[in-house]
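> Please find one structure pasted underneath; my questions will follow.
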Amino acid sequence: KRVLAFVRVKPTAHFAQDMIKLGSDNKSIDIYIQKSPKGGVVNNCQTDWSFKLDGLLHNTSQEMVYETVAKKLVSKALQGYNGTIMCYGQTGAGKTYTMTGAASEYRHRGIIPRAIQQVFRSAAEFLNILVTVRISYLEIYNEALFDLLAPALGRGCKDNQLAVMDGPQGVYVKGLSIHPVSHEEEALQLLFEAREPRCALESRGVIGEHSLNKNSSRSHCIFTMYIECRSRDYTNHKCLKSKITLIDLAGSERLSKTGSEGQVKIEAAYINKSLSFLEQLVIALADPRREHIPFRQSKLTHVLKDSLGGNCNTVLVTNIYGEAEHMEETLSSLRFATRMNWVTAEPAPNEPFYREASVKALEEEIHLLKKELIMQDSMANRSFMSYNPLTTAQRAEIRSQVQKYLRGVIEEIDIVNVRQIQEVFRQFKVIVSKQEEEVECRLWNKYGLGHRD
Ligand code: ADP
Ligand code: MG
């Protein structure tokens, strides 16, 4: 199985029809570039290129994009498979629109809010499985890590404490806050609050303005949903863990085109470096003979160590412009998509792990069930009901009731609770076996069969 690669074309009134041909199979895309007499970056021998990927998303609604790239991956995550979706492409081509969407209208919401919705809706449909969800939101800017959800630090503040670590259960970011969320709105609230500080950073000039797009993101943003599924039944202790990693990468355009200086130049250098490490990683992952996979070269590749290829379901969305002026970047984005498409993966569910049923947990369960019974009784207007084991006096009372019933003194025995019903049956059994013995004894005597032994 391969990493799936899709291409999404940003809608435009100036689509370069002569240069970009979209195949009728909705998978292939051909690029034609006129050889320039003056020469230039793309002026080599080849003037046309063909790419074949897993799907083209052209004039496609946010809903259809979600259906195509994310729906299956998210439902697989609920079965224990890790899933990663990554948006790659030049600034302004639609990565953030695809990943997060536009807040202006509900139908413009992107993959993250839709994935949150799908997870909670599915969780609500599982009858016997309890799903717990936690989220984190990490930003990597100039090789520094920021916790976008850290409440104590002031959201989006630089936190030197954050560090990428290799643990026994895979890679994690030490110090990154992970928030339990119990419903969709709670998760969305955190997500949208987290998006604000970027504006704050921008206003302080920390994130440089860019000649291509003033509001461009110069950082990589990684939204993670940690899912844990376990049975509601206390006798089944199997748990399944998985995570969904949703990545909005920084713009992939090369330095030369942006004509940047100073802070922006530094940013671009970091971005180019981390994206080229990402490419190297992808190439290494695609090569089955490679033993060393260079994960540790950058924060981004290190964080993604167990989220790319391997046993995860991985999907890449490459966002491109449809205009002629962006052809050079489009070409390089399509090349990246193709390389990503070569990466093989063997998706496998994470190993389930077992939780010890502690005595404490069972006691809590009993306590809860007793409370439940009291509530049921009060709703049924049965007061003073006791569910403790029967006393000797209560047993004697039940025995006398059963005897009265057998003699026809009373018509019925009222049902009180499970313990009482069990005691009634026990008393019946006692009476029946006593009678059997009596009858047998009488028959022996009547027919003079002598001693029973
Ligand atoms: P990026 O994150 O790649 O830099 P954005 O997602 O911010 O780019 O997109 C730039 C602008 O284009 C935004 O205003 C966004 O709403 C708009 N846009 C991008 N893709 C689409 C699309 N498919 N449909 C409508 N608007 C889009
Ligand atoms: Mg963006």
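> Please find, within the stretch 289-309, the residue that is nearest to the chain's Cα centre (by Cα) out of those that are in a loop (DSSP other than H, G, I, E, B) and within 23 Å of Asn350 (Cβ to Cβ).
Taking the stretch 289-309 and keeping what is in a loop (DSSP other than H, G, I, E, B), we get 289-294, 298, 304-309.
Among the residues that remain, those that are also within 23 Å of Asn350 (Cβ to Cβ) are: 293, 304-309.
Values: Ile293: 25, Leu304: 15, Lys305: 17, Asp306: 14, Ser307: 12, Leu308: 15, Gly309: 17 Å.
Looking at the filtered set, the residue picked out is Ser307.
> Still on this structure, I have one more. Looking at Arg452, Arg419, which is the one that is at pLDDT below 95 and within 25 Å of Leu373 (Cα to Cα)?
Details: Arg452 fails: within 25 Å of Leu373 (Cα to Cα).
Checking each option against the conditions leaves just Arg419.
> Hey, another quick one. Could you identify the single residue in Ser182, Ser122 that is modelled with pLDDT of 90 or more, away from ligand 1 (no atom under 16 Å from the Cβ) and farther than 29 Å from Phe6 by Cβ?
The match here is Ser182.
> Among the listed residues Thr68, Thr132, which satisfies the condition of being touching a Gly at 6+ places or on another chain (Cβ under 8 Å), of a type in the set (S, T, N, Q) and either open to solvent by 50 Å² or more (accessible area, probe 1.4 Å) or within 16 Å of ligand 2 (Cβ to nearest atom) (or both)?
Details: Thr132 fails: touching a Gly at 6+ places or on another chain (Cβ under 8 Å).
Selected residue: Thr68, the only one of Thr68, Thr132 that is touching a Gly at 6+ places or on another chain (Cβ under 8 Å), of a type in the set (S, T, N, Q) and either open to solvent by 50 Å² or more (accessible area, probe 1.4 Å) or within 16 Å of ligand 2 (Cβ to nearest atom) (or both).
> From (1) under 24 Å from the mean Cα position of the chain (by Cα); (2) surrounded by 15 or more Cβ atoms within 10 Å (Cβ to Cβ), pick out the condition that doesn't hold for Glu351.
For Glu351, the failing item is (2).
> Could you list, in sequence order, all residues of the stretch 1-47 that are away from ligand 1 (no atom under 16 Å from the Cβ), at pLDDT 90 or above and assigned to a strand (DSSP E or B)?
Leu4, Ala5, Lys21, Ser28, Ile29, Asp30, Ile31, Tyr32
> Just to verify a result, which residue in the stretch 396-447, among those that are open to solvent by 60 Å² or more (accessible area, probe 1.4 Å) and not in a helix (DSSP H, G or I), is farthest from Asp377 (Cα to Cα)?
Within the stretch 396-447, the match that is farthest from Asp377 (Cα to Cα) is Tyr447.
> Follow-up question, since we're still on this one. Within the stretch 10-34, work out how many residues are closer than 17 Å to Ser332 by Cα and out of contact with any Leu (no Cβ under 7 Å at 6 or more places or on another chain).
Residues flagged as closer than 17 Å to Ser332 by Cα and out of contact with any Leu (no Cβ under 7 Å at 6 or more places or on another chain) within the stretch 10-34 amount to 10.
> So in the stretch 71-86, with the set limited to residues that are open to solvent by less than 60 Å² (accessible area, probe 1.4 Å) and under 15 Å from Phe6 (Cβ atoms), which one is farthest from the chain's Cα centre (by Cα)?
Going through the qualifying residues, I end up with Met86.
> Tell me whether the stretch 255-276 contains one or more residues that are small (Gly, Ala, Ser) and closer than 30 Å to Gly80 by Cα.
Filtering the stretch 255-276 for residues small (Gly, Ala, Ser) gives 256, 259-260, 262, 268-269, 274, 276.
This time we only want the ones that are closer than 30 Å to Gly80 by Cα, so: 274.
Looking for residues that are small (Gly, Ala, Ser) and closer than 30 Å to Gly80 by Cα, one finds at least one in the stretch 255-276, hence yes.
> Right, next: Suppose we filter the stretch 87-119 for residues that are over 14 Å from the mean Cα position of the chain (by Cα), buried (at least 24 other Cβ atoms within 10 Å of the Cβ) and more than 12 Å from ligand 1 (Cβ to nearest atom); how many remain?
Selection size over the stretch 87-119: 0.
> Please verify whether Leu278 is within 25 Å of Val69 (Cβ to Cβ) and out of contact with any strand residue (DSSP E or B) (no Cβ under 6 Å at 6 or more places or on another chain), treating the condition exactly as stated. It would help to see each step written out before you state the result.
Numbers: within 25 Å of Val69 (Cβ to Cβ): yes; out of contact with any strand residue (DSSP E or B) (no Cβ under 6 Å at 6 or more places or on another chain): yes.
For Leu278, the condition - within 25 Å of Val69 (Cβ to Cβ) and out of contact with any strand residue (DSSP E or B) (no Cβ under 6 Å at 6 or more places or on another chain) - is met.
> Could you look through the stretch 241-267, keep only residues that are at pLDDT 80 or above and touching a helix residue (DSSP H, G or I) at 6+ places or on another chain (Cβ under 6 Å), and pick out the one that is farthest from ligand 1 (Cβ to nearest atom)?
The qualifying residue farthest from ligand 1 (Cβ to nearest atom) is Ser242.
> Here is a list: Leu331, Leu373, Leu362, Leu308. Which entry is under 19 Å from Leu246 (Cα atoms) and open to solvent by less than 90 Å² (accessible area, probe 1.4 Å)? Before you say what the answer is, go through the steps one by one.
Working: Leu331 fails: under 19 Å from Leu246 (Cα atoms); Leu373 fails: under 19 Å from Leu246 (Cα atoms); Leu362 fails: under 19 Å from Leu246 (Cα atoms).
That would be Leu308, the only listed residue that is under 19 Å from Leu246 (Cα atoms) and open to solvent by less than 90 Å² (accessible area, probe 1.4 Å).
> Also, I was wondering about something else. Could you count how many residues in the stretch 284-294 are in contact (Cβ under 8 Å) with a residue 24 or more places away in the chain and under 24 Å from Ile140 (Cα atoms)? Walk me through it before giving the result.
Within the stretch 284-294, the subset in contact (Cβ under 8 Å) with a residue 24 or more places away in the chain is 285-286, 288.
Now drop any that are not under 24 Å from Ile140 (Cα atoms), which leaves 285.
Number satisfying all stated conditions: 1.
The values are calculated or read from the model by the stated rules, or taken from the named source; none is laboratory data. Small disclaimer: the values here were computed from a predicted structure and weren't measured. A quick note on method: Cβ atoms are made from the backbone with ideal geometry, for glycine too, and the neighbour counts reach across all protein chains shown. SASA here: full protein model, heavy atoms, side chains in, ligands and nucleic acids out. Shrake-Rupley method; radii C 1.70, N 1.55, O 1.52, S 1.80 Å.
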